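Trainee: Dropping a structure here in structure tokens format, bear with me for questions.
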Amino acid sequence: MRILVINCGSSSIKYKLYGVEVGDCLAEGIIEGIGAPNARHRHRVGDWETAVEVSVTDYHSGVARIVEALLEWGPVPPVADSREIVGVGHRVVHGGERFSASVIIDPAVMETIEGLDSLAPLHNPANRAGIEAAGALLPGATGVAVFDTAFFSTLPERAYRYAVPAHWWRRHGVRRYGFHGISHRYLVERASEVLGKPRPNLVTFHLGAGASACAVRRGRAVDTSMGMTPLEGLVMGTRSGDLDPAVVFHLLEAGLSASEIRRGLEREGGLLGLSGISSDFRRLAEATRAGDPSAALAVEVFVHRIRRYLGAFLVQAAPCDGVVFSGGIGENSPEVRRRALEGLEDLGLALDLSRNGGEGERRISAAGSPISAWVIPTDEESLIARDTVRLVVGGQV
């Protein structure tokens, strides 16, 4: 038996294949540039890997390409018959107030997910397209939806309510939901293991093209930086993060349309908007080292926002056991971690510069630091696989 995990983004599909019995990752890959003439498919089975240009016009053809790769690519393809795939776990970004845990997908679940498209317009439609494609191509497999918002169902009302008219919340769902919950949940579970504490108090950071922070008390989320949509909070690749809502009124009165403002905040803001160069943090780091002032400002604002949330969430998580960094930037940028943590010794958080480099999971705080700091590579797919196995076959991956 096999479990396939599919993570559909706005123009990509990431996937991993797991074995139910042994729990290892048997194959993985990504298709990037869906709908573009030069879409590319990278696929790995063990030590064997290939990358080819493919014609992928939509998510159905993308998932079809993935199934083909699992059946035919590599010295020993990991799937002999598509019927071996008994479950398909899907990342779904927005579950609203309806879903507080992972669920088996049925028509009612799909209808509810579709109704949340307006709250995650860059994500939920892509997630649904992946679910529909997998259902058509693997009809014998049970689909499972694992929601980014579910981990934040434990937020207290004081954390999820906005100070707006109450009927906005009751009638229109205007409240904070939180995102990247699959990643934050994985980080909490793994931090619990490395700290040897079943229900730790933590501040976790998922830092990448999308970025968020989470305050955790006794292993449960109590606050987060993202809000009703993934736009609120930290500075991101192209998303603005926190913004005075009156900016929208000002721009509307200045003649910009709602769609122009939305595009600016979601697709043209963030690191890209600040720098005018790129949304890719690696390029901005290189440009900063080369002396580009716009790139340097973008990095500075990015770190400033991290420190703002770190200070606030250390209070929410007090007495805090640890701070965790993950995501593409959180795992791979010693400079961001150094700048985020410098000068915090009086708060009980002392960075050890000699530990801050390197790769993989590691403690980066000084030996005597009351609050430890960690780099923990996230593994959302393994968590999705575990939930899928639990719901489909009742076992563990």
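Trainee: About the Cα centre of the range 284-397, how large is the charge dipole given +1 on each Lys and Arg Cβ and -1 on each Asp and Glu Cβ? Please answer in debye to the nearest 20. Numbers along the way, then the final one.
Mentor: Working: 12 positive and 16 negative charges, 35 e Å.
The calculated dipole for the range 284-397 is roughly 180 debye.
Trainee: Please give, to one decimal in nm, the separation of the simple spin-label points placed at residue 282 and residue 72, each 7 Å out from Cα toward the Cβ.
Mentor: Placing both labels 7 Å along Cα→Cβ, they lie 3.1 nm apart.
Trainee: Please work out the average accessible area per residue across the chain, using the 1.4 Å probe convention, and give it in Å². Intermediate values should be presented prior to the final figure.
Mentor: On the way: 17480 Å² over 397 residues.
Normalised by residue count, the accessible surface of the chain is 44 Å².
Trainee: A further question on this structure: Calculate, for residue 81 and residue 250, the FRET efficiency according to 1/(1 + (r/R0)^6) with r their C-beta to C-beta distance and R0 45 Å; round to the nearest 0.05. Before the final figure, lay out the partial values.
Mentor: Working: r = 60 Å, r/R0 = 1.32.
The calculated FRET efficiency here is 0.15.
Trainee: Charges at C-beta only: +1 for Lys and Arg, -1 for Asp and Glu. How large is the resulting dipole of the chain about its Cα centre, in Debye rounded to 20? Mind dumping the intermediate values first?
Mentor: On the way: 42 positive and 47 negative charges, 208 e Å.
Roughly 1000 debye, rounded to the nearest 20.
Trainee: Express the carbon and sulfur contribution to the solvent-accessible surface of the range 1-51 as a percent, rounded to the nearest whole number, probe 1.4 angstrom. Mind dumping the intermediate values first?
Mentor: Working: 970 of 2250 Å².
Roughly 43 percent of what the probe reaches on the range 1-51 is carbon or sulfur.
Trainee: Here's something else I'd like to know. Leaving ligands, DNA and RNA out of it, report the carbon-plus-sulfur percent of the accessible area of the range 61-100 at a 1.4 Å probe. Present the calculation step by step, with values, prior to reporting the outcome.
Mentor: Numbers: 730 of 1600 Å².
On the range 61-100, the fraction of accessible area on carbon and sulfur atoms equals 46 percent.
Trainee: So what's the projected area for the range 295-383, the Cα convex hull averaged over all directions, in nm²? Numbers along the way, then the final one.
Mentor: Values: hull surface 25.8 nm².
The Cα convex hull of the range 295-383, projected and averaged over all directions, gives 6.4 nm².
Trainee: Then there is this: Stokes-Einstein at 20 °C, 1.002 mPa s, Kirkwood radius from Cα pairs: D for the range 8-117 in µm² s⁻¹? Show your work: numbers first, answer last.
Mentor: On the way: Rh = 15.5 Å.
Answer, rounded: 139 µm²/s.
Trainee: Wrap a convex hull around the Cα atoms of the chain, take a quarter of its surface area, and give that in square nanometres.
Mentor: 20.7
Trainee: Could you work out the longest stretch of the chain that avoids the GluC sites (Glu not before Pro) located in DSSP loops with at most 16 other Cβ atoms within 10 Å? Don't jump to the answer; show the numbers that get you there.
Mentor: Working: sites that count: 21, 97, 268, 342, 359, 361.
Formally, the longest exposed-site-free interval is 98-267.
The values are calculated or read from the model by the stated rules, or taken from the named source; none is laboratory data. Everything numeric here is computed off the predicted structure, so don't read it as measured data. Counting neighbours? That spans all protein chains shown, and the Cβs are built from the backbone with ideal geometry, glycine included. In case anyone asks, the SASA skips ligands and DNA or RNA and just uses the protein heavy atoms, side chains included. Shrake-Rupley method; radii C 1.70, N 1.55, O 1.52, S 1.80 Å.
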